[in-house]
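Any read-out appearing in this document is the output of simple, stated calculations on the displayed coordinates, not a laboratory observation. On a predicted model such as this, the values are computed, not experimentally measured, just so you know. Cβ: placed from backbone, ideal geometry, glycine included. Neighbour counts: every protein chain shown.
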Amino acid sequence: MKSGFSVLRFVLKRGPDGRLTQEVKRCGEFGDVEQAFDTARMEVLREWQEAVNAPESADRPGRIVEIKIKDTEWGYELKKDHVVLSRFWVHDNAPAVISGV
């Protein structure tokens with residue numbers, strides 16, 4: 001029996017030197033995978049709503065920006081045009097062990 005699942009949020013952050021680094025944040029621990037995927041979906045929907053309503057979207061009238069959610073086998077990605085803004089992935093806390101490896 002698996003011990004549970006985590007939802008992890010991945011984003012790229014620009015450091016003071018201008019270089020991009022990946023930031024990972026835990027969004028919760030769950031007893032079953034359905035709860036974890038439900039949480040990942042709710043979090044990506046919340047961020048999508050924030051992105052759609054962001055003030056910079058109104059700064060350029062007439063410019064079409066595509067902000068979408070991509071469903072993946074690990075969770076969900078929030079994309080603006082072709083750039084991934086964030087990922088909410090479900091992680092198995094106790095992955096299966098392959099005997100003999």
Practice prompt. Could you tell me how many degrees, from 0 to 90 and to the nearest 10, lie between the Cα long axis of helix 33-52 and the main elongation axis, the longest principal axis, of the Cα atoms of the chain?
Written response: 10 degrees
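With loop defined by DSSP as not H, G, I, E or B, and exposure as at most 11 other Cβ atoms within 10 Å, which is the longest segment of the chain clear of exposed trypsin sites (Lys or Arg not before Pro)?
20-62
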Practice prompt. Rank Val97, Leu45, Val33 by how far each Cα sits towards the positive end of the charge dipole of the chain (+1 on Lys, Arg Cβ; -1 on Asp, Glu Cβ) and give me just the farthest.
Written response: Leu45
Discussion item. Going by amide H atoms built from the backbone, whose H comes under 5 Å of the H on Ser86, apart from near neighbours?
Written reply: Leu78
Worksheet item: Pick from Val65, Val90, Val11: which residue has the top mean-square fluctuation in a GNM of the chain where Cα pairs under 10 Å get a spring?
Response: Val65
Item to complete: Go ahead and set up a Gaussian network model of the chain, Cα springs under 10 Å, then flag whichever of Asp38, Asp71, Asp17 fluctuates most.
Response: Asp17
Worksheet item: Regarding the chain, what is the average projected area of its C-alpha convex hull, in nm²?
Response: 9.0 nm²
Worksheet item: If amide H atoms are built 1.01 Å from N in the plane of the peptide, which residues on other chains or at least 5 residues away come under 5 Å of the amide H of Gly28?
Response: Val7
